[in-house]
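The block underneath contains the structure these notes are about, expressed in structure tokens.
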Amino acid sequence: MAVQVELKRIIITETSDQQVIYLKEVTGERSFPIVIGSTEALAIDRRLKGQPTPRPQTHELLSSVIEKLEGKLERIVINDLQDHTFFARLVVRQNGKTVEIDSRPSDAIALGVANNVPIFVAEHVMDEVGG
């Protein structure tokens, strides 16, 4: 079973290549940070602030590809944690079937924010990191 979370906070530090986002349980108090790259952090931040880009960024491109292939991004699932590395899946509905695509959590969250889809965390991951 997975727990729905929301992006609660994003911390962008100009002096570091590593940025931090915080995810929080929608119906509870558990939360945890994920360290992500600057590119993904800035993409998420731009989307949250409604700042358009002159040309499609990677996340807009992937969103367009999913749409052109008659798919619909249904949700993001952070499904595993191994050696301090999070793993995620994009869950796409296409032609009545569900397709799961391996993704870095930062890319998945950026895509999820861009498409306003829910983000879930596997219960075993939340148990391990949710404080």
Filter the range 97-111 down to the residues that are buried (at least 20 other Cβ atoms within 10 Å of the Cβ), among the aliphatic types (A, V, I, L, M) and more than 15 Å from K24 (Cα to Cα), then identify the one that is modelled with the highest pLDDT.
-> A108
Taking the stated definitions as given, is N95 free of Cβ contacts under 8 Å to residues at least 24 places away in the same chain and on the phi > 0 side of the Ramachandran plot?
-> no
Pairs, first under 16 Å from G112 (Cβ atoms) and aromatic (F, W, Y) in the range 4-26, second open to solvent by 50 Å² or more (accessible area, probe 1.4 Å) and part of a strand (DSSP E or B), C-beta under 8 Å, six or more apart = Y22/K8; Y22/R9; Y22/I11; Y22/P33
Filter the range 18-52 for residues that are more than 21 Å from V121 (Cβ to Cβ) and loosely packed, with under 11 Cβ neighbours inside 10 Å and give the result.
-> K49, G50, Q51, P52
Listed residues A114, A122; which is modelled with pLDDT under 95 and closer than 21 Å to V26 by Cβ?
-> A114
Mind counting the residues in the range 68-103 that are over 24 Å from E6 (Cβ atoms) and outside any strand (DSSP E or B)?
-> 6
Going through the range 59-86 one residue at a time, which ones are more than 15 Å from the chain's Cα centre (by Cα) and either among the acidic types (D, E) or open to solvent by less than 60 Å² (accessible area, probe 1.4 Å) (or both)?
-> S64, I66, E67, E70, G71, D83
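The values are calculated or read from the model by the stated rules, or taken from the named source; none is laboratory data. Here the structure is a predicted model, which means the values were calculated and not measured. Positions of Cβ are generated from backbone atoms using ideal geometry, with glycine treated the same way; all protein chains shown enter the neighbour counts. Ligands, DNA and RNA are stripped out before the accessible areas are found, and what is left, the full protein with its side chains, is counted by its heavy atoms. Shrake-Rupley method; radii C 1.70, N 1.55, O 1.52, S 1.80 Å.
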